[in-house]
Amino acid sequence: MKLTPRFTLLAAGILAATSLTACSGGTASAGGAAGAAPKLVFIQGVAGDEFYVSMGCGIDAAAKSAGATVNTQGPAKFDPTLQKPIVDSVTAAKPDAILIAPTDVAAMQAPLKAAAAAGIKVVLVDTTVQDPAFAASAISSDNKGGGLEAFKAIKGLNPNGGKVLVISTDPGISTADARVAGFEEGAKADSAFTYLGVQYSHNDPAEAARLVSAALAKDPDIVGVFAANTFAAEGTATGIRQAGKQDQVKIVGFDAGPAQVKQLKDGVVQALIAQEPASIGTQGVEQALKAIKGESTEKDIQTGFKQITAANLTAEGAQYVYKSTC
Ligand code: T6T
């Protein structure tokens, strides 16, 4: 897996030094020592991704008002071989709770189960693992529903049907896999559409652009592409633009990072399925604090999504755009 360009700059700084949001005041006494501020650690799927930045804004705000501290860490790539050592070292430090977006359903299962076995409350935010029974709570968008919504959007843009393709990240990422499943379900059930399948860009926009160019060389009459996350969508749009096919191929992307929104404004992308990362983060903190206090938690929480188009971007769609800073 390659670094995305934006992360190359961010990685060194963000990874070595973890960002610490020390929150003032507060009277919560849910932490280990009586009266101590609960210690939370947020482990992102990847550092620098505006989805996790926005989630972090929700986490920091909720923790601050509860008098908890948050230490945020993230791997340089969306890659379990980089995320696992972070989990292992955080587990050794024994915070009260870990909020984490696991980067792979299989590879992150054992390290997170070990964290829970060590007495740390684990809350899954965004992605999940194969068997999340050890987690106090798992909070994510309706990813399958969002994938189906993306198909409906492509259908609306291509009422006569045609060939459609999906560009995803990597197999084994629960969120992206569910989005692909939702899109696939819609596309396969509609005889006007020919589903060309899914290709994996490894969270690298350059690879997504390359895959799209190759797909267009093979099937020049593709009418729509669903890109299953921020980086797949950015690269897909670049590939279509470079091929000069923006009038023919309609793109619907998951997520709403600033670069994606620019592509929407420029007319290269027609719709974005935006998640509610700050709400995932806020609810993650609420569940973590309940778990620390020994209160009952909600095992599964589903958050919504919003379709953003050029038509609603300056109205109700605006609030869904992800943040680069809080
Ligand atoms: O789409 C989000 C997140 O939901 C997914 O699990 C990984 O990719 C993103 O972070 C966007 O880049």
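The values are calculated or read from the model by the stated rules, or taken from the named source; none is laboratory data. All of these numbers come straight from a predicted model, not from anything done at the bench. Heads up, the Cβs are rebuilt from the backbone with ideal geometry, glycines too, and the neighbour counts pull from every protein chain shown. For accessibility, only protein heavy atoms count, side chains too; no ligands or nucleic acids. Shrake-Rupley method; radii C 1.70, N 1.55, O 1.52, S 1.80 Å.
Excluding ligands, DNA and RNA, what is the solvent-accessible area per residue of the chain at a probe of 1.4 Å, expressed in Å²? Working shown, then result.
Details: 12710 Å² over 326 residues.
That works out to 39 Å² per residue.
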- Message: I'd like the distance between the alpha-carbon centres of the stretch 63-79 and the stretch 167-195, rounded to an integer number of Å.
- Response: 31 Å
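Which value results when the Cα radius of gyration for the chain is divided by 2.2 N^0.38 Å?
Working: Rg = 19.8 Å, N = 326, 2.2 N^0.38 = 19.8 Å.
Ratio of Cα Rg to 2.2 N^0.38 Å: 1.00.
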- Alpha-carbon centroid distance for the pair the stretch 92-143 / the stretch 247-326, whole angstrom: 21 Å
- Note on the structure: Sorted largest first, the C-alpha extents of the stretch 74-154 along its principal axes in whole angstrom are 47, 26, 18
- Note on the structure: Rounded to a whole number, the Stokes-Einstein D of the stretch 222-300 in µm²/s (Kirkwood radius over Cα pairs; 37 °C; 0.692 mPa s) is 230 µm²/s
- Note on the structure: For the chain, the longest principal axis of the Cα atoms and the Cα long axis of helix 50-66 enclose an angle in degrees, to the nearest 10, of 30 degrees
- Message: I'd like the carbon and sulfur percentage of the solvent accessible area for the chain, probe radius 1.4 Å, heavy atoms only, ligands and nucleic acids excluded.
- Response: 54 percent
- Query: By what distance, in whole Å, do the Cα atoms of the stretch 143-274 stretch along each of the three principal axes, largest value first?
  - Reply: 31, 30, 26
- Angle in degrees between helix 277-292 and the longest Cα principal axis of the chain, rounded to the nearest 10: 30 degrees
- Angle between the chain longest axis and helix 80-93 axis [Cα atoms, degrees, rounded to 10]: 10 degrees
- Burial order of peptide ranges 94-101, 251-258, 313-320 (average beta-carbon count within 10 Å, highest first): 251-258, 94-101, 313-320
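For the ranges 48-54, 35-41, 87-93, what's the packing order if you count other beta-carbon atoms within 10 Å of each residue, average per peptide, and put the highest first? Don't skip to the end; give the middle numbers.
Numbers: 48-54: 24.1, 35-41: 20.7, 87-93: 15.7.
In decreasing order of mean packing, 48-54, 35-41, 87-93 become 48-54, 35-41, 87-93.
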- For the peptides 266-276, 106-116, 302-312, what is the packing order when you average, over each peptide's residues, the other Cβ atoms within 10 Å and list the highest mean first? 266-276, 106-116, 302-312
- Quotient of C-alpha Rg and 2.2 N^0.38 Å, computed over the stretch 80-228: 1.25
